[in-house]
Each structure stands twice: as structure tokens, then as C-alpha cells.
1. Those residues that are of a type in the set (S, T, N, Q) and at pLDDT 90 or above, I need them from the stretch A:31-50; list them, please.
2. Among the candidates A:102, A:108, which residue alone is away from chain C (no Cβ under 11 Å), over 23 Å from residue B:95 (Cβ atoms) and aromatic (Phe, Trp, Tyr)?
3. Do we find a residue being more than 30 Å from residue B:126 (Cβ to Cβ), within 14 Å of chain A (Cβ to nearest Cβ), crowded, with 16+ Cβ neighbours inside 10 Å and modelled with pLDDT under 75 anywhere in the stretch C:81-103?
4. Which of the following residues is in contact with a Phe, Trp or Tyr (Cβ under 7 Å, 6 or more places away or on another chain) and not polar (S, T, N, Q): B:84, B:99?
5. Specify which of the listed residues (B:108, B:27) is β-branched (Val, Ile, Thr), in contact (Cβ under 8 Å) with a residue 12 or more places away in the chain, within 14 Å of chain C (Cβ to nearest Cβ) and out of contact with any His (no Cβ under 8 Å at 6 or more places or on another chain).
6. Which number in (1) touching a residue at least 12 places away in the same chain (Cβ under 8 Å); (2) among the acidic types (Asp, Glu); (3) assigned to a loop (DSSP other than H, G, I, E, B) marks the one condition that residue B:200 misses?
7. Here are the criteria: (1) crowded, with 24+ Cβ neighbours inside 10 Å; (2) farther than 30 Å from residue A:120 by Cα; (3) among the hydrophobic types (A, V, I, L, M, F, W, C). Tell me which single one residue B:170 does not satisfy.
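The values are calculated or read from the model by the stated rules, or taken from the named source; none is laboratory data. A quick note: this is a predicted structure, and the numbers were derived from the prediction, not measured. Quick reminder, even Gly has a Cβ in these numbers, built from the backbone with ideal geometry, and neighbours come from all protein chains shown.
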Amino acid sequence: MSTDIQTLKSLDLFAGLNFGELEQIAPLMHPMKVTEGEVLTRKGEIASTFFIILSGNFMLSFNEERSFTLHNKGNIIGLSTVVSPFRYTATAVALTDGLVLFMQGQEFLRLVQSNSALGDKIMRKINEIVLERMPYMTGTWEKRRY
Amino acid sequence: MENLLIEFLSNTGFALADYRNIIMILVGITIIYLGVAKQYEPLLLVPIGFGMLIGNIPVIKDFGLGIYESGSFLNYVYYGVTHDIYPPLIFLGIGALTDFSTMLARPVLMLLGAAAQIGIFTTFLGALAIGFPPNEAASIGIIGGADGPTAIFLTAMLAPRLIGPIAVAAYSYMALVPVIQPPIMRLLTTRKERLIRMEEPREVSKKEKIIFPIVGFLLCCFLAPAALPLLGMLFFGNLLKECVVVERLAKTARTSLIDIVTILLGVTVGASTQADVFLTRQSIGIFALGAFSFAIATAAGVIFAKIMNLFLRKKINPLIGAAGVSAVPNSARVVQMVGQKEDPTNFLLMHAMAPNISGVIGSAIAAAILWSFMSL
Amino acid sequence: MFGFEAIIAHDGLGISVIGISIVFVSLILLSFAVSRIHKLIELWDKKYTSYQRVKKTQQKDQKTPSVSDLAIPQDVQRASRQFKLLIEWIGEPFPLPKLLDLSGKCGLSRPHSTVNELLKCELIIPDENGYYVWNKQLEEKRSST
């Protein structure tokens, strides 16, 4: 089952995209229910899927058990699917039941191939988030809640 | 009854197998592992790997089971490989999937796609030098194009008995793009060059996108008519995508059709690598030359980008030259990855797509030229 | 036949030089044609095509408000005591995954959602190093009210 365009439009990652672009993304994003305690990604595993939170609360834990929590619609899990090192850098656990959208990394590559400008726009936004989260991976710390 | 049992047992795979079957089965399992666990081109490596298992189960000769036995299921499906049916269909899907706008926005980047084809011809010379006949040397050289369907297309025409090793080498190197290319790219560029930011491409109008496949097809195929099956399908697929009015056809070409053909092609190419055909000294030579071809193609693209910078007012990041080897969109992604290691805010992906796509066109033309010369 | 002799015998050099030249000529011609297409379209239209700019409507997320409500549900209040004990045992600042792991091992019911409630109530707050601490100030404030 693919996602409706109104849902995509409400997400920060896709804000600013036109209807045609959202139409291309919609069939690639699939909704998935998650239950409390469910592990979405495991640190070190090959990153094959990324998730966008629609509802629910999640914890990402990095090296040395450093962690932060995600509570907002539009927050992203599994960024490494589309950026280096292509292995999950954090373990993501659902703290409550919730709903996420997921996209396979292979599908993202197809999207880049079929519309590289759109792929580029998404990559830029993803990169901003990666830079925000970088301290959690590298050891330079700031207080942050997403 | 005892005789029946003995006869049955003597016809099982266990009785018929020799060490070469076991080696090939292990190779097949390794390829499946690379596809599943490492996710190197899983859509290709998983069918090829399993095809290797299928092709290397020892069976009784003339029982109508083997891929090379006429009338067998595998032989029928393999017909699409040996008679060049699958590669053009895959090109149709690629055309219907690919956005040419970055290339249209900055056409000069197409030259990088041409430069990377130097690898093909250099390897052709290398293969001749080590004793391969010209038709086989041409088929080996095309591995450097990093385009599986093109490699199969040319090999089926020139050296059908080498389809197995050449296809496996081509797809393996395509899968290993993230491993092979980065060291060459870093070796040939300075940090300053890797930090070059590309200017934003102009927006390309819908009309341009519709006109391009028609102009591109006519121009390329008038120059190299032997490229007709591949480029004809590539540009036709792209016209389906861009003209919008036949979206149903475009969608079928870029999803169902390309997936079905990939399954058939992957499994049969894998199954064609039977031990007696594959485990030869020649195959080792093919793999070594294939790697050489791929490395030269990458290096040629990067070096040519540096040469272009001597003349261009707005410099280009030479890393994108490496994407000229086709392998869409993997090599473009590798360019992005290497570029971002130097500067996480530098986005080269979209720019790398231009040489990447022109590399597909370039390798198809190179294949057509080699085919024409070998047929003279 | 091997080496340069084989290359010469099969006219390898000729094939390679002509081959790569044709590839270059094809792509140069294609590149030239492509670079003219949009100019021709402009001429045809007698005006510059106006490109549609992508609207940048940055719609704000419907962000879930961070709850710092002092009214904590009864069951969370009960659980908070147990979690506080665990945190004291781990020591502060503590890693959140460790608290979850330990609470699971101790058999506390629904540790994930309880931790989430404690985070939302801000009884557990992040420090500046990716770890968490127990919000003593809030607890004192609560007990005083």
C-alpha cells in the first residue's frame, strides 16, 4: 500500500515539493505499524530502509549508549540508508506504539535515477539532519531534543 | 530391484558431481551472500548467484535438463540471452526510468561519458596482446563499460561461449563499484579538486526532454547503426517517460518489464556458468582484464575531467568523471560519497548523473563499433 | 601470437583509435545538438520559456507539544519510583538504553512506554552529552505542590 500525497505534504522532508514530485514519491513510501519495544534498525547492520515517523515515540541509541528520543511527526530514522556509511549508526527502538512510513534504499536509488533533481532536493534535507545528529556519532555534544 | 536402485543412485547429483561443480556452487553462494548480506546490486547478484546453483547441479547428459541442451526449459529462456532479446528490453526499462535532464542542462559533461570508454579500447588491446582472438578481445573490453546488458549484447554476437564469464565479470564489477572506484578517484585528484562545487544546472523544459530522445536516437543510430537495438530501445523508453501521454506503457517498461527480464537474464546468465565452461584459465584472464578495463575507464573519466578544467571557465569537480563508466546510478552515488567525505555540504549526485547516463550511451556506441569492425 | 605483434596483426590499434574517435564524435555531436535544442525551442516560441519555480511553502510540522505537565498519571507516578531506584543504581548521568534494558530485566511492565511518559513529563531529561539525568528540581517542585 502506498501513501497519500496529503500525508507526504505534511512532512518536513517533503515540504516545498510540488504535486508532481510528491506523486513520484508516494508509491515508494509505505505505512507500517510499530509496537512498543519493536526494533526498527540495529546499529552496524547494512542500512536498507529508512523510516519517517507519523506517530509514536522512538529512541535512537548510538555508540557508548548515547541516545536521544524522537517524538515528532516527520522525524527520520535510518538516514544511513541514503548517505555514507550505508550502515545504521544507531539502534532505533519504538518507545510506544506508532505509525511510520518506510522506503527501501533501492527505491530511493531508482528515484534518484528517474528524477535526479528531486533526489538531490531530498538528499540536501537529509544531509541537514545528518549534520545535526553528527555530534551524537562523533562525540561533540550539544543538548538537543527532536 | 537392486540394479534399479544402483542405477538411480549413479544418476544422482552426488554421484555425478566433481570438484568443479562444488567450486562453482560455492562461487554461486558467495555471489548470493554479496547480494543479500552486503547488498551489492542485489537485484542482479541474487538471480545470477542462484542461477549458478541451478547451472551447476550435475545432470545426466542428453536428459533435456541443462541450459546448453536444446529443448530444456533453461535453454528456451537462455534463447533471450543468446539472441540479444533481453539486453534491448532492459535498455527500454532504463530509458523509461532515467531522467536525462542533468545531461541536457550541461551537455559538455557528456564528454566524460565518452572518455570513460577509453577503458574498453585499452582492454581490447590488452586482450589481443595476451593472445585472445579479436572477437573475444572485443567482448572482454566491453566489461569496462560497466554495463551488463551491453556486455551481454556484444558477447552474444561475437563470442557466445564467453557469455557466462563475461556477464558475471561485468555484473560483479558493477556491484563492486563502491569498492573499486574510490581509491582510483582519490589517487588521481587533489583535495582541492575534490572540494570543487559545481554550479546549479539550469532547469530543462518539458519540450527539450521530449525532443531529446528523438534527436539522440537519430543522431547516434545514423552514426553507429549497430547500436540500433540498444539505443533504439533506450531512447524509445525515454520518450515513453517524457511524453506523459503513455504513462501506462512507461510504467510497465520501468517496473514489471525490466524486473521480469532481469530475473530471466540473471538466472540464465548464472546457469550458463557451468563448471566446464566457466572454470578455465581463460575465465581468470577475463576477470583480470575486466578489472583492468574498469579501473582504466574510471581513471580515464577522472583525468579527462581534469583536462577539461584546463579549458573551462567554470571548473567541474573531476570526481564526476568516474561516473562516466555507466553503472547507473551506483557510480553517481559513489561520486557523491567520495565528494561528501571531503565536504559534507557538497552535492555531486545530480551532476554525476550526467556523465553516468552519457556513459550508457557511450558504451552502447562502443559496443556497436566493435561489433561492426568484427563483422567486417 | 602475442604482444604487440598480435595487436598489429589484428589491426588492434586502428580499431581502437577509430573506435574511441567515433564514440567521441557521437557524443560531441549529441552534446552540440542537445545544447542547441533549448535555443531552438526559444526561437520557436519567440520568447523565453518561463520555468515554474518550485514553491517553497514551508509548512510547519504539527509538532507534538513537549509536555511538561505537572499532573502525572497515577500509574506513571508509581512507575517513576521504581525507575528512580534503577537510575540511582545505575548512577547519573545514565544511558537511556541501559535503563530500558535493566527495567526489562527487572520485569517492570511496559518499560518503553513508561520511559516515554517520564521523558514527556520531563522527569527524565537529556544532559549535554547524549545521556540522561533524573530531574530532581521538578520532583521537588511536584512534591511541594
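1. Kept after step one, since they are of a type in the set (S, T, N, Q), are these residues of the stretch A:31-50: A:35, A:41, A:48-49.
Selection gives A:35, A:41, A:49.
2. Going through A:102, A:108 in turn, just one is away from chain C (no Cβ under 11 Å), over 23 Å from residue B:95 (Cβ atoms) and aromatic (Phe, Trp, Tyr): A:102.
3. Checked the stretch C:81-103: no residue is more than 30 Å from residue B:126 (Cβ to Cβ), within 14 Å of chain A (Cβ to nearest Cβ), crowded, with 16+ Cβ neighbours inside 10 Å and modelled with pLDDT under 75.
4. On the way: B:99 fails: in contact with a Phe, Trp or Tyr (Cβ under 7 Å, 6 or more places away or on another chain).
It is B:84.
5. Working: B:27 fails: within 14 Å of chain C (Cβ to nearest Cβ).
Going through B:108, B:27 in turn, just one is β-branched (Val, Ile, Thr), in contact (Cβ under 8 Å) with a residue 12 or more places away in the chain, within 14 Å of chain C (Cβ to nearest Cβ) and out of contact with any His (no Cβ under 8 Å at 6 or more places or on another chain): B:108.
6. (1) is the only condition that residue B:200 fails.
7. Going through (1) crowded, with 24+ Cβ neighbours inside 10 Å; (2) farther than 30 Å from residue A:120 by Cα; (3) among the hydrophobic types (A, V, I, L, M, F, W, C) one by one, residue B:170 breaks only (2).
For (1) surrounded by 22 or more Cβ atoms within 10 Å (Cβ to Cβ); (2) assigned to a helix (DSSP H, G or I); (3) facing another protein chain (nearest Cβ under 7 Å); (4) among the small types (Gly, Ala, Ser), each residue gets a yes or a no:
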| site | (1), (2), (3), (4) |
| --- | --- |
| A:84 | no, no, yes, yes |
| A:89 | no, no, no, no |
| A:96 | no, no, yes, no |
| A:112 | yes, yes, yes, no |
| A:117 | no, yes, yes, yes |
